[in-house]
1. Which residue, Leu282, Leu110, Leu273, has the most motion in a Gaussian network model of the chain that connects Cα atoms within less than 10 Å?
2. Kindly flag which residue pairs out of Lys150/Lys303; Lys208/Lys311; Lys49/Lys73; Lys183/Lys259; Lys158/Lys303; Lys89/Lys123 have an alpha-carbon separation exceeding 25 Å in this structure.
3. To the nearest 10 degrees, how steep is helix 44-56 against the longest Cα principal axis of the chain, on a 0 to 90 scale?
4. Quick one: order Ser177, Ser72 by neighbouring beta-carbon count within 10 Å, fewest to most.
5. Could you state the angle between the C-alpha long axis of helix 275-286 and the longest principal axis of the C-alpha atoms of the chain, as a value from 0 to 90 degrees rounded to the nearest 10?
6. Match the structure shown to one of the listed values (1) 16; (2) 30; (3) 33 of percent of Cα pairs over 39 Å apart, computed from it, and give that label.
Amino acid sequence: MTRQITIDDFLQLSIPIALIDVRTPAEFEQGHIPGAFNIPLFTNEERVKVGTTYKQVGREEAILLGFDLTGSKWSGFIKSALEIAPDKKIAVHCWRGGMRSGAMAWALDLYGFEVFIIQGGYKNYRRWVHSRFELNYQLWILGGMTGSGKTRILQQFKTIGEQVIDLEDLAQHQGSSYGTMNKMVQPTQEQFENNLAEELKRMDRGRKIWVEDESLTIGKRSIPNPFWHQMREAVLIDMKVDAEQRITMLVQEYGSLDKDFLAECTERIRKRLGPEQTKHALEAIRENRMDDFIRLVLVYYDKTYRTGLSKRNSEQVFPVDINGDDIVNNAHTILTFTQTIAEKAVLS
């Protein structure tokens, strides 16, 4: 049995159903619904052939070519679907909910699957993704200069039940020139947006949601504009952490990274850091003087942070002094302070 289902209804199912994406590996890699499995009807090259035939010859010839190309694959498709959904209950989509998903649904139905076809396919899903960024959220921004330990505080918040969206984790980048840590690979912009929309779907919009203060771009990925504007207008808790404490933390985090990687990243900010500062920073890297290297580049990053802070509504920025590196205690200090802000807002 096959039935049509909207993307909204599918994403709100109380009991999740396995989802297969029958688009090509290249389409899937560009962007997919989080949690979906890829069972491509065509290879990347085969899809080009079918598409060309459709445009140059016609729909019927393209369908025949499609069956010629997939003829020996059908048993493999069904076996893969059985591994994913042994209960024979599965959802399927292609780009627009057209021939590819229709063909796969027909074959699985013939074998005895209960098949849900996503109406409008991945194209409709992308509309749903963009709609998530237009909704209003109770955002609270955690700020502070580089090395303040914002990410660790957010992780602690999550541990104790606060709602947190870790944009840097979603973007696989820590936001600076050194942000890949010489190991992280960023998702495509499309997949970053899909992953963020999935996180937002899980949030209770009636409660506050913590997000780290970020630039519009995190590495090569951009925060969707509607969500970014909400971040800029939200309350910001500005963590005030001693410079030496920040340097110690950054040396622990970055000091052991490959020197060539650090030098290459430093060269990328030469114009903003300045030729003299860059020269001294590169020397410090080569001589393994990590404290000096961090001090030199912090001049640029601290200035950048202060500039960004100055562009915010000062009435929405609240400084909080953080003493020591006890994450549990620091998280408690911030949450207690935010409770005070919330109470004052109610009274006013």
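Bear in mind these aren't lab numbers, they're just calculated from the coordinates by the rules spelled out. Here the structure is a predicted model, which means the values were calculated and not measured. Here the Cβ is made from the backbone with ideal geometry for all residues, glycine too, and neighbour counts use every protein chain on show.
1. Leu110
2. Lys158/Lys303
3. 60
4. On the way: Ser177 19, Ser72 8.
Lowest count first: Ser72, Ser177.
5. 80
6. The listed entry that was calculated here is (3).
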